[in-house]
Each structure stands twice: as structure tokens, then as C-alpha cells.
Amino acid sequence: MAKPIKTVQTVVTAVDEPARGVKRLVLADPDDWELPPFRPGAHIDLHLAKGLVRTYSLCNEPTDNRRYEIAVKCEADGRGGSRFVHEELRVGTALGVSLPRGGLKTHDQALNVFIAGGIGVTPFVSAIRDLREKGRTNYVLHWASSGHPVLPGMVADAFADGHVHLYNTAIEPRPSLAAILKQYGDEAGAFCCGPTSMLDAFDAATASWPAERKHVERFTPPAFARDDNAAPYTLVLAQSKKEIVVRPEIGLVGALEELEADVSVSCAGGICGSCRTRWLEGPPIHNDSVLSPMQRQHEVMVCVAGCAGPRLVLDI
Ligand code: FES
């Protein structure tokens with residue numbers, strides 16, 4: 001029998017619609033205990049239904065430790081997660097969520113330049129609220145939206161203090177990220193979250209920047225092409241002592257499902273960190289956008305991984 005994936009039990013305590021097509025949900029412990037701590041802009045996986053796990057950024061500040069607040073835009077052409085959130089979740093719904101992961105490491109001294117596209121503002125809302133709570137003003141938000149921005153009320157103080165620059169792409173061209181970043185010199189740290197075209201522009205504009213001064217938050221996985229000619233290999237689960245031959249047509253995730261392994265897959269594109277797993281023998285072929293070279297020596301994002309040898313042994 002499959003081991004249940006460990007989750008934190010929460011209940012939906014509030015739902016509203018701050019903008020058309022965007023729902024904001026507040027999750028809390030059923031008995032109002034404190035929730036596991038998180039960094040500004042960290043992610044949680046929502047376990048929505050069997051096999052339906054989706055990852056969202058927290059948009060409240062970490063000191064707000066009795067609530068997880070998320071904002072979800074309904075993607076009519078998406079994979080079904082946001083539609084489920086919009087149609088099925090209401091006040092009182094019980095929901096299992098993962099421990100928070102990741103988050104933004106803002107700079108204490110340098111200017112933090114946040115660049116957001118539409119709903120991609122959510123991790124920066126959390127970071128801005130966190131900085132303001134600490135009395136810091138070393139941030140600026142450049143925020144492009146088609147029409148009215150979502151969630152402006154959550155950063156009302158930042159607007160009032162002149163720290164937010166809006167771009168309405170329904171009536172003006174998309175802003176030049178290179179021009180925006182150029183004005184801040186060599187000391188600023190820059191963060192970007194938005195649609196793929198914006199992230200590509202950010203990557204190009206910061207290509208020569210050191211890694212510690214730039215950070216990209218992706219919510220759309222890059223296209224991942226399965227290699228139909230990959231050689232089969234044996235997948236071994238070291239703890240449960242199960243094994244299976246992984247053929248290209250089922251892939252690693254399909255093989256893990258067949259073994260009923262305790263791995264949570266959310267984005268299925270190597271960007272969210274949900275399926276992070278320790279490996280013992282391989283080596284794996286890494287295709288994710290999450291792990292550092294050091295982390296890859298022991299860990300793998302199984303949703304997009306392959307194996308370069310005859311056996312892949314995972315520590316599960
Ligand atoms: S499920 Fe998101 S990185 Fe694997």
C-alpha cells in the first residue's frame with residue numbers, strides 16, 4: 001500500500017476575489033495553532049485531490065504565523081489545478097498542504113528590485129510586507145499587468161510611499177527590463193516572477209550578473225521533451241526495497257506511481273521543488289531549474305530526471 005504523503009492539515013478560513021479571475025484564500029490550522037514557519041515568498045503545495053497537487057507562493061508575511069495566504073488566478077487553459085481551487089474550495093474546506101519551501105533571500109543593505117508580471121507579484125507582496133515590518137525601505141517594485149493590477153491593497157503602504165511603478169500593458173508597451181535594471185547600478189539585487197517572456201527578458205538583461213544578485217521565480221515550467229530513445233534502467237527504492245524497469249514510455253514519474261512511492265509531484269516541470277528526492281546510486285540526469293550543482297550530488301527532481309547508468313537508487 002502507498003504511504004500517505006506527509007501534509008500539514010489546514011482549513012480554508014476566508015476566500016475573496018480581489019480581482020476578476022483571481023481568488024485569495026486564507027488557510028489556517030483547524031485549531032488555530034501556529035503553522036510551520038516560512039520565508040518571505042515561500043511556496044506550499046496544495047494537495048487538492050488524489051493526484052492533483054499544485055504549488056503556490058505565500059503572499060503574507062512570515063510573522064503572520066497562524067495563516068497561509070495565497071492568491072490563485074484561474075487559468076482556463078491550465079492543467080486543472082487553478083480551476084479546482086476556484087470551483088471547489090470554500091470556507092470550511094479541509095486541505096492538506098506541504099511544509100513551506102524556498103522563498104526569497106532579500107538583501108539587507110543593497111536595493112531589492114522586484115519585477116513582476118500580473119499574478120507573479122505574490123512572492124514580492126510577501127517580501128515587501130516583510131521588509132516593511134523590519135523598517136526597511138530598500139526595495140522597489142516594477143509591476144506590469146494587462147489592466148488593473150491584482151492585490152494592490154496588500155502593498156498599499158508601498159504604493160503610498162512611492163516604491164511601486166506600474167505598467168499597464170493593455171495601453172502601453174511592455175517595459176524594457178534592461179532599461180529598468182540599468183538605472184540601479186552594480187549593487188542592487190533583482191528578482192523576477194511573471195510569464196515566460198518576462199523571465200526570458202530578465203535572464204537576458206542579467207546574463208552578466210553574479211548569481212547571488214539575481215533570482216527568478218517560475219510558475220510555468222519550461223517545455224520538457226521526453227527522450228523516447230533513452231535507454232531503460234532499473235529504478236530501486238532503497239527503503240521500501242521495490243524495483244522496476246523504467247522504460248521511456250512510462251518515465252521515472254510513471255515508474256514511481258507504479259511502485260506507489262511517497263513522492264509528491266506538482267509542477268511536473270522541474271521548477272517547484274515538490275518532488276525533491278535523495279539519490280544513492282545513478283547518476284541521475286538532472287533537468288530541473290531548482291537544484292544547485294552541489295545539491296545535485298545527492299538530490300534529484302524526479303519529475304524531469306533520467307538516469308545515465310543502468311540503476312537509479314532513490315533513498316525512499
Ligand atoms: S514536481 Fe515540481 S520540481 Fe518536480
Point-charge dipole on Cβ atoms (K/R +1, D/E -1) for segment 8-97, about Cα centre, debye to 20: 340 debye
Segment 112-217: C-alpha gyration tensor shape, a/c 1.5 cut-off, then a/b vs b/c: oblate
Paramagnetic reach from Ala170 (point 7 Å along Cα→Cβ, amide N under 19 Å) across segment 182-206: 195
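Mind ranking 141-149, 120-128 by how tightly packed they are, going by the mean number of other C-beta atoms within 10 angstrom, highest first? Numbers along the way, then the final one.
Working: 141-149: 19.0, 120-128: 28.0.
In descending order of packing, they fall as 120-128, 141-149.
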Percent RCO, i.e. relative contact order, over the chain, from Cα pairs under 8 Å lying at least 6 residues apart: 15 percent
Positive-pole candidate from Ala94, Ile244, Pro152, dipole of the chain, charges at beta carbon: Ile244
Peptides ranked, highest mean first, by Cβ atoms within 10 Å: ranges 152-158, 73-79: 152-158, 73-79
Exposure proxy order (Cβ contacts within 10 Å, fewest to most) of Ser82, Ser197: Ser197, Ser82
Listed residues Phe84, Ser57, Val302: farthest to the positive end of the dipole of the chain (Cβ charges): Val302
Semi-axis lengths, Å, the chain, gyration tensor of Cα atoms, sqrt of 5 times eigenvalues: 34, 24, 18
Test item: Cα-centred dipole of segment 254-314, Lys/Arg +1 and Asp/Glu -1 on Cβ, debye: 260 debye
Reachable lysines from Lys242, criterion Cα separation under 18 angstrom, eight or more residues apart if same chain: Lys3
Sequence-distant residues sharing a close amide H with His165 (under 5 Å, placed H): Leu141, His142, Trp143
Three-way shape label, segment 8-97, alpha-carbon gyration tensor, a/c 1.5: prolate
Cα pair distances of segment 233-314 binned at 5 Å [whole percent]: 3, 18, 30, 29, 17, 4, 0
Modelled FRET efficiency - R0 30 Å, Asp161 with Arg79, Cβ distances, 0.05 increments: 0.20
Ordering of 91-97, 175-181 by burial proxy (mean other Cβ atoms within 10 Å per residue, highest first): 175-181, 91-97
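Report relative contact order for segment 8-97 in percent, whole number only (criteria: Cα-Cα under 8 Å, sequence separation at least 6).
Relative CO of segment 8-97 lands at 37 percent.
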Given charges at beta-carbon only (K, R positive; D, E negative), |dipole| of segment 122-206 in Debye: 120 debye
Whichever lysines have a C-alpha closer than 18 Å to that of Lys23, once near sequence neighbours (fewer than 8 apart) are set aside: Lys73
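Computed from the coordinates by the stated procedures, all read-outs in this text should not be read as laboratory data. Here the structure is a predicted model, which means the values were calculated and not measured. Counting neighbours? That spans all protein chains shown, and the Cβs are built from the backbone with ideal geometry, glycine included.
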